[in-house]
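Working notes, beginning with the structure itself.
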Amino acid sequence: MKKSFFALMLAAVLPAVNAASVTERDVQSSALAAKQARLESAQAEMGTELARLAADLARIEALIAVQETRSGIGEDERIEALEARISKLEKRLSKSK
């Protein structure tokens, strides 16, 4: 049985084409795996940065709470001290006239 020229060409070319396809697929697979590794690394870095920012925010909120507490408690005492100083100054001023 005679094989046609086309069949002979396919028999000669097909293994090389298949090998090239496998190689190309392996290269693409490696590139995708590397890209996935980079993305996972970036995601981990973002998670770390997000945790750091959350900790910073918690510290800021704690400082604000402390300031609010201090200003609420100390305000009356500060007003009383200022009023006492004003009273003393008024007395000194009236004595100096």
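The values are calculated or read from the model by the stated rules, or taken from the named source; none is laboratory data. Since this is a predicted model, take the numbers as computed values, not measurements. Every residue, glycine among them, receives a Cβ derived from its backbone with ideal geometry; neighbour counts consider all protein chains shown. Areas reflect the complete protein model, heavy atoms only, side chains present, ligands, DNA and RNA absent. Shrake-Rupley method; radii C 1.70, N 1.55, O 1.52, S 1.80 Å.
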Taking only DSSP H segments of four or more residues, each worth -39500 (n - 2.57), what value at 222 nm results for the chain once the sum is divided by all its residues, to the nearest 500 deg cm²/dmol? -36500 deg cm²/dmol
For the chain, with every protein chain kept in place, what is the accessible area per residue (1.4 Å probe, Å²)? 93
Angle in degrees between helix 5-96 and the longest Cα principal axis of the chain, rounded to the nearest 10: 0
Solvent-accessible area, 1.4 Å probe, carbon plus sulfur percent, for the chain: 64
Compute the signed sum of charges (Lys and Arg +1, Asp and Glu -1) over the other residues within less than 13 Å, Cβ to Cβ, of ASN18. -1
Could you give the size of the charge dipole of the range 28-97 about its Cα centre, using +1 on the Cβ of each K and R and -1 on the Cβ of each D and E, expressed in debye and rounded to the nearest 20? 600
Quick one: net charge around ARG70, please, counting Lys, Arg +1 and Asp, Glu -1 for every other residue with C-beta under 13 Å from its C-beta. -3
Of all the C-alpha pairs in the chain, what % are more than 15 Å from each other? 82
